[in-house]
Number of protein chains: 2
Amino acid sequence: MNYIQFKHCGLNVALDVLSGKWKPIILYHLFHQEEIRFTELWRIIPKVAKKVLLEHLKQMEMHELIIREERSVFPPEVYYKISEKGRALGPALTALELWANEHAEEEVKALQAKRRCSV
Amino acid sequence: MNYIQFKHCGLNVALDVLSGKWKPIILYHLFHQEEIRFTELWRIIPKVAKKVLLEHLKQMEMHELIIREERSVFPPEVYYKISEKGRALGPALTALELWANEHAEEEVKALQAKRRCSV
């Protein structure tokens, strides 16, 4: 029997925070860009409805993973960026990605074929 | 801008595989015990309906995270143990747990207070 450090209360919380079809792709873009405008995010995520994307972003803002910033120009411009709390998820997200690529390669390929994700 | 290794196809797959209210606690017990009998698992997980627990286990078996073994005694005994693929999730699950305990302490405490998880 191997000892393993994870328990399950924290794991439950982390998985709840990450649940949502478009959260991985949102996080991906926010990890790779300093900030991103809402209209740009909507354009680069394939097939997502505006309402659904807004709902996902609202949940992520509520969980303090991302920061929303409204610039007072006309018409108003809304930008999102990753927070410190969100950025701290990096090692866990990397480990999940590595696991999938090493152990669930077929499922990853199937998802790519459906064009639900590109990288 | 920090470079980060995770992409999002694999992340999507990993989060899909882990989605389910009782999966963290099931994984926790299977990581800590060589094997566990279905009836014992049902007893130690608070409030879960038998049907729901069976459904979760079936999904995890389908994703090859766990191995189901039926012993031919009478009445039959069903045991579960973690697979190699499941065990390989250890570093990612540990990283998620650490993140939650460091960055979402209040949510973890709230969940513990609801007695939806114990450790």
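5 Å is the cut-off here: which amide hydrogens, built 1.01 Å from N in the peptide plane, fall below it relative to A:GLU77, excluding neighbours closer than 5 in sequence?
Residues meeting the amide H criterion: A:ARG71.
Show B:GLU34, B:GLU105 ordered by accessible area, largest first, where the area counts protein heavy atoms only and the probe is 1.4 Å.
If we order B:GLU34, B:GLU105 from most to least accessible, we get B:GLU34, B:GLU105.
If I compute solvent accessible area with a 1.4 Å probe over the protein chains, what percent of it on the stretch B:3-84 is carbon and sulfur?
On the stretch B:3-84, the fraction of accessible area on carbon and sulfur atoms equals 53 percent.
Using a label position 7 Å from Cα in the Cα→Cβ direction, what is the ascending list of nm distances from B:VAL73 to the same site in the other copies?
Those separations, rounded to one decimal, come out as 7.2 nm.
At 1.4 Å probe radius, can you tell me the per residue accessible area of the stretch A:3-84 in Å²?
Spelled out: the 1.4 Å probe surface of the stretch A:3-84, per residue, equals 54 Å².
Looking only at other chains, what is the average number of their beta-carbon atoms within 10 angstrom of each beta-carbon in B:78-89?
Per-residue shielding by partner chains comes out at 2.
One decimal, nm, shortest first: give the distances between the label point of A:HIS29 and those of the same position in the other copies, each label point 7 Å from Cα along Cα→Cβ.
Those label-point separations list as 4.1 nm.
I'd like the interface area for chains A and B: accessible area of each alone minus the complex, both sides summed, 1.4 Å probe, protein heavy atoms only. What is it in Å² to the nearest 100?
By this definition, chains A and B bury close to 5300 Å².
Identify, for chain B, the residue whose C-beta comes nearest the rotation axis onto chain A, and round that distance to whole Å.
In residue-and-Å form, the answer is B:ALA95, 3.
Would you list, by chain and number, the lysines whose Cα falls below 27 Å from the Cα of A:LYS58, excluding same-chain residues fewer than 8 positions away?
Leaving aside lysines fewer than 8 places away in the same chain, those within reach of A:LYS58 are A:LYS21, A:LYS23, A:LYS47, A:LYS50, A:LYS81, A:LYS85, A:LYS114, B:LYS7, B:LYS21, B:LYS23, B:LYS109, B:LYS114.
How much accessible surface does B:THR39 have with a 1.4 Å probe, in Å² rounded to 10?
Answer for B:THR39: close to 80 Å² accessible.
For the protein assembly as shown, what is the charge dipole size about the Cα centre, in debye to the nearest 20, if Lys and Arg each add +1 at the Cβ and Asp and Glu each add -1 at the Cβ?
800 debye
Evaluate the distance, in nm, between pseudo-label points positioned 7 Å from the Cα of B:LYS109 and of B:MET62 along their respective Cα→Cβ axes.
Rounded to a tenth, the inter-label distance reads 3.9 nm.
Counting only protein heavy atoms, probe 1.4 Å: which residues of the stretch A:94-114 lose 40 Å² or more of accessible surface in the full assembly compared with their chain by itself?
Residues of the stretch A:94-114 that lose at least 40 Å² of accessible area once the other chains are added: A:THR94, A:LEU96, A:GLU97, A:TRP99, A:HIS103, A:GLU107, A:LEU111.
Charges only on Cβ, +1 for Lys and Arg, -1 for Asp and Glu: so what's the dipole of chain A about the Cα centre, in debye to the nearest 20?
Approximately 440 debye in magnitude.
The values are calculated or read from the model by the stated rules, or taken from the named source; none is laboratory data. The model shown is predicted, which means the values in this text are computed figures rather than measured ones. With ideal geometry, Cβ positions are generated from the backbone for all residues, glycine too; neighbour counts draw on all protein chains shown. Accessible surface areas use protein heavy atoms only, side chains included; no ligands, DNA or RNA. Shrake-Rupley method; radii C 1.70, N 1.55, O 1.52, S 1.80 Å.
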